[in-house]
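Here is the structure we will look at.
The values are calculated or read from the model by the stated rules, or taken from the named source; none is laboratory data. Everything quoted here is computed from the prediction, not taken from an experiment. Reconstructed Cβ throughout: ideal geometry from the backbone, glycine too, with neighbour counts over all protein chains shown. Accessible surface is based on the protein model in full, side chains and every heavy atom, while ligands, DNA and RNA are left aside. Shrake-Rupley method; radii C 1.70, N 1.55, O 1.52, S 1.80 Å.
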Amino acid sequence: MTLPPPTDTKTLWKHVLSAVESSVSSASFRTWFKGTHIVRVEDGTVIVGVPNLFAKDWIHTKHHKTILKTLRELSDVVRSVEYTISTKAPEDTTMPTATLESSMASSMGGELPLRDLYINKSDNLNPRYTFSSFIVGTFNEIAHAAAQAIIERPGRRYNPFFIYGQTGNGKTHLIQAVGNEIKQKFPEKKVYYVTSERFSQDYINSIQTNSANAFKEKYRKYDVIIMDDVQFLSQTQKTQEELFHMFNDIYERNGQIIFSSDRHPNYIASIADRLKSRFNAGMTVDIQSPDPESRTAIVKAKAAESGVVLPDDVISFLSSALEGNIRELEGALNSILGQIQFKKRDLTLQEVKEIVKNNIKPKKMVAVKDIVKMVAGFYNLDEESIYKKSRKKEVVKPRQVIMYLLREDFALPYPTIGQKLGGRDHTTVIHSYEKVKEDLKTDHQLEQEITQLRGMV
Amino acid sequence: MRFSVNKDAFQKGVAQAERIAGKHLSLPVLHCVLILAQGKEVVLRATNLDLGLEVRIPAQVEEDGVAAVPAATLGSFLGATPNADMLTMKSEDKHIVITTPKTEIKVPVNNHEDFPLLPPAPTNELFSVKASEFAAALRSVWWAASTTSIKPELSSVYIFANGSELTCVATDSFRLAEKRFTGKASESFEGVLIPLKNVAEVIRHIENADSAIVVRGDGHQIGIEVDGSYISSRIIDGVFPDYQQIIPKEFGSQATLLKQDMLDALKQSRIFSDQFNKVSAKFDADENTITLKTINPTTGESVVTLEGDVTGESLELNFNYAYWSDPLQSIKTDRIAIEFAGAGKPARIRSVGDQSFTYIVMPMNR
């Protein structure tokens, strides 16, 4: 009797195993063939995953013939067999270990915050960030599409790729996922992820240790550079100059460069113009806050990741109640999932509301001082000058913008605004408010600035 | 097979093999040491499929051959015959016969065909280091590794190059120990994770050698050759967390004190610590004292006051007794420094005068 040719690799391997099993002792079979599987079939070569080096040598020397013969009998396309060490069987499911760890943590003292620091040393990428866990919605679809185009042809399409948006909306996730994907697709390309702060630090260290050349060489050997949070790039001329040269070098070699920032490159006050123009040369795209539909999708996906199915009313409540960025959404969700795991039952909507109460940002309660600080920082001004009587043009405009924001977004009374901003008359505030409002109709740049500032609040 | 060999050298080799050979449920032959006689030497091999060992001993071989002999039996016999310089071993119909001038034993052998092959030794040089220094560095940190198997990368000691130095580090995610040591890494070396359960054997294997050793590796295993014996260990395919990010950059308070004082105080405190090993500590900058307090509902209470140099802010915190006494064994100087970066941040313990060892631990929440 002849068997029909098996269609999937799992069945194929099962047949091989049963053929081998009959020819060896059961002890030996269990030792060497436990955990083996077919990783993939490529041009007639069957790649077999084995648990360790010992098994690899053993199977290769003792059972290769039987395996090859059986495979050939079962399938005409098989020409050769290779062995590789692969501990992960494809259907391997990992159990959530969070509960065990956290119960250990409470009895043994505090836990070191190592959880998010699993970073590959050679490229600095965190393997956790992949596209499979990246949720695409209207708020980030352009950025996502551009990222996909870059992965197709790194260095050819949008170069540099500059992505900006508020904190916690997935910039780092997106750019790291691009890095991880490129790494997988083009194993020969050298990818490197670095935060601008780390880059500056590296440069300063290299100067101190007299190894500036090593620094240059290190960064110029990469084909893909991903620099996160460029708004933190230090103001020193030298560091920016170094970035500029590195940029030119990689760009000339058609290497891909990816930046992220919390604002549009034009509004990063501390960065030299020649860098700004470089940043703007490719594709600049923003990620906004997620819309309610996307939030629903995110909540569902995150819950599914932890193996929990949330009832519909809870999901819709969460996605409408948690308006902030994705990071806050995740935080609230994690505490809910934690509770579910702890209590070993689903939570009622009421319980969820209780938990979430602490995570909802009180709606737009911001101290005037913070707004002043932020706007002053945005325009690269001294905070004090806002409160002073100065009527210099460069101070007046930010001051008016502050008044506008306080009135428009936070609905503070005119007299209060005036009083808090250095004892000004309420009519001054009214005038400023009206002026900015009027200017906004014509001044496109001002409009952009205000949008940026709102994002930062 | 038939050969004569120096008994002491042979015994030493068997002792090494005996530690690795052991019970294996599905492959019984692994409790044997494989004895290969060929040319002018005898080769002993043992493995548990995680570690591999090969020891070469010069011998007078009259007839080449191979036998798999239970390691424990062989080891016990060699230990019980102190007065012999040489011994002779020969195969005899599913047995081996070992004779010394006064004794003779006959041991059944296992089927040597079942004995696994050792993976070929890697040729890629990872780093070279003085054997004793490498052993000491591993000893300084390996106790901090996780003993559970949830995260294999944490049940390992991680070794990586750090500029002109090498660093080994281990953590169980509650505390972390790091030791820097001198060595020369090859340019391509990025780091290697050695499983905790193999570290002890690696240390034993190298610690008595006074020469420099070369550690080689190939992505699946590392191999070290010392004085004619070779050990290989599986390595973990994983990523060690980028722990440097959690080491606080600045410490607001610091206490320096005598290590022995701390050890004694902890020893006393331990008697009265509760089920969580909790010790409450008070660092007083005005009095320059450190007070350790433990309360146990059944055994009683204890208060120890230590003299030290406390700078910065005074503070109180709780910690796990074991997590503070463990690192002291790795500090060789008389004085230690304990540094704090504030609530919710890890504390650092290090030696005063020796910057190569760093220990990071989280205070207790309650």
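Between A:T66 and B:Q355, the modelled labels are 6.0 nm apart [label points 7 Å from Cα along Cα→Cβ]. Taking a straight line from the alpha carbon of B:K40, these lysines sit under 17 Å away, with near neighbours fewer than eight places off in the same chain left out: B:K7, B:K90.
Mean residue ellipticity at 222 nm, helices only, chain B: -5000 deg cm²/dmol; runs of at least 4 DSSP H residues each add -39,500 (n - 2.57), and the sum is divided by the number of residues.
Helix A:141-152 against the longest principal axis of chain A: what's the angle in degrees, Cα atoms only, rounded to the nearest 10? With both axes taken from Cα atoms, the answer is about 50 degrees. Taking the charge dipole of chain A about its Cα centre, with +1 at Lys and Arg Cβ atoms and -1 at Asp and Glu Cβ atoms, the residue from A:N325, A:Y404, A:T61 reaching farthest to the positive side is A:T61. Stretching A:A304 away from A:K437 to a fully extended chain increases their span by 43.3 nm, per 0.36 nm per residue minus the current alpha-carbon distance. According to the square roots a ≥ b ≥ c of the eigenvalues of the Cα gyration tensor, what is the shape class of segment B:247-361, taking rounded for a/c under 1.5, prolate for a/b larger than b/c otherwise, and oblate for the remainder? Judged from the Cα gyration tensor, segment B:247-361 comes out prolate (a/c at least 1.5, a/b above b/c).
When DSSP beta bridges are restricted to pairs lying wholly in chain A, around 15% turn out antiparallel. Between the beta carbons of B:E113 and B:A84, assuming R0 = 51 Å, the FRET efficiency works out to 0.95 to the nearest 0.05. For peptide B:112-118, the mean count of partner chain Cβ atoms within 10 Å of a residue's Cβ comes to 4. Surface exposure of segment B:124-244, expressed per residue as accessible area with a 1.4 Å probe, stands at 38 Å². In summary, the aspartates and glutamates within cross-link reach of B:K249, defined as a Cα separation below 19 angstrom excluding same-chain residues under 8 places away, comprise A:E111, A:D116, A:E197, A:D202, B:E178, B:E313, B:E339, B:D354.
Buried area at the A:B interface is about 3600 square angstrom, summed over both chains, from accessible surfaces computed with a 1.4 angstrom probe. Computed from label points 7 Å out along Cα-Cβ, the spacing between B:R204 and A:R153 is 6.1 nm. Shielding by partners for peptide A:50-56, expressed as the average number of C-beta atoms from other protein chains within 10 Å of each residue's C-beta, is 6. Across chain B, C-alpha contacts under 8 Å between residues 6 or more apart give a mean separation that, scaled by the residue count, equals a relative contact order of 13 percent. Sequence-distant contacts, meaning Cα pairs under 8 Å at least 6 residues apart, place the relative contact order of chain A at 12 percent.
Highest mean first, the peptides B:350-359, B:157-166 sorted by other C-beta atoms within 10 Å per residue fall in the order B:157-166, B:350-359.
For chain A, a Kirkwood radius taken over Cα pairs fed into Stokes-Einstein (25 °C, viscosity 0.890 mPa s) yields D = 92 µm²/s.
With the simple model of a label 7 Å out from the Cα in the direction of the Cβ, A:N213 to A:E328 spans 5.2 nm. Across segment B:337-348, computed HN-Hα scalar couplings (Karplus, 6.51 cos²θ - 1.76 cosθ + 1.60, θ = phi - 60°) run 10, 10, 10, 10, 10, x, 5, x, 10, x, 9, 10 Hz from first to last residue, x flagging Gly and Pro. The accessible surface of segment A:220-287, taken with every protein chain in place and a 1.4 Å probe, is 43 percent carbon and sulfur.
Descending by average beta-carbon neighbour count within 10 Å, the peptides B:285-295, B:175-185 line up as B:175-185, B:285-295, the highest first.
Taking a ≥ b ≥ c as the square roots of the eigenvalues of the Cα gyration tensor of segment B:109-165, is the shape rounded (a/c under 1.5), prolate (a/b larger than b/c) or oblate? Cα axes put segment B:109-165 in the oblate bin. Diffusion coefficient (Stokes-Einstein, Kirkwood radius over C-alpha pairs, 20 °C, 1.002 mPa s) for segment B:124-244: 153 µm²/s, rounded to a whole number. Working from Cα pairs under 8 Å separated by at least six residues, relative contact order for segment B:247-361 is 31 percent.
On a per residue basis, the convex hull of the C-alpha atoms belonging to the protein assembly as shown measures out at 241 Å³. Checking the a/c ratio against 1.5 first, then a/b against b/c, what shape does the Cα gyration tensor give for segment A:159-233? Oblate shape, in that a/c is at least 1.5 and b/c is the bigger or equal ratio.
Quick one: which of B:K151/B:K345; A:K373/A:K420; B:K197/B:K278; A:K397/A:K441 span more than 18 angstrom between C-alpha atoms? Pairs exceeding the cut-off: B:K151/B:K345; B:K197/B:K278. Out of the DSSP beta bridges found with both residues in the protein assembly as shown, what percent are antiparallel (nearest 5)? Around 85 percent of the beta bridges assigned by DSSP in the protein assembly as shown are antiparallel ones. How high is the FRET efficiency between A:T236 and A:V396 when r is their beta carbon distance and R₀ equals 35 Å, given to the nearest 0.05? It comes to 0.70. Taking 15 Å as the cut-off, no amide N atom of segment A:316-330 comes nearer than this to a point 7 Å along the Cα-to-beta-carbon line of A:A411. Protection proxy ranking, highest mean first, for peptides A:312-323, B:77-88: A:312-323, B:77-88, where packing is the per-residue count of other beta-carbon atoms within 10 Å, averaged. Taking every residue in B:235-245 and counting other chain Cβ atoms within 10 Å of its Cβ, the average works out to 4. Per-residue extension of 0.36 nm, minus the Cα-Cα distance of A:R198 and A:T428, leaves a gain of 78.3 nm for this segment.
Contact-buried residues of segment B:144-159, at a threshold of 30 Å² lost accessible area versus the chain by itself: B:I150, B:K151 (1.4 Å probe; DNA, RNA and ligands ignored).
Annotation: amide H-H contacts under 5 Å for B:D274 (H modelled 1.01 Å from N, sequence separation of 5 or more, or interchain): B:I295. Rolling a 1.4 angstrom probe over segment B:2-114 with all protein chains present gives an accessible area of which 49% lies on carbon and sulfur atoms.
Using the heavy atoms of the protein chains and a 1.4 angstrom probe, tell me the accessible area per residue for chain A in square angstrom. With the other protein chains kept in place, chain A gives 53 Å² per residue. Given a Förster radius of 45 Å and the C-beta distance between B:A212 and A:A367 as r, what FRET efficiency does 1/(1 + (r/R0)^6) yield to the nearest 0.05? So the FRET efficiency works out to roughly 0.10.
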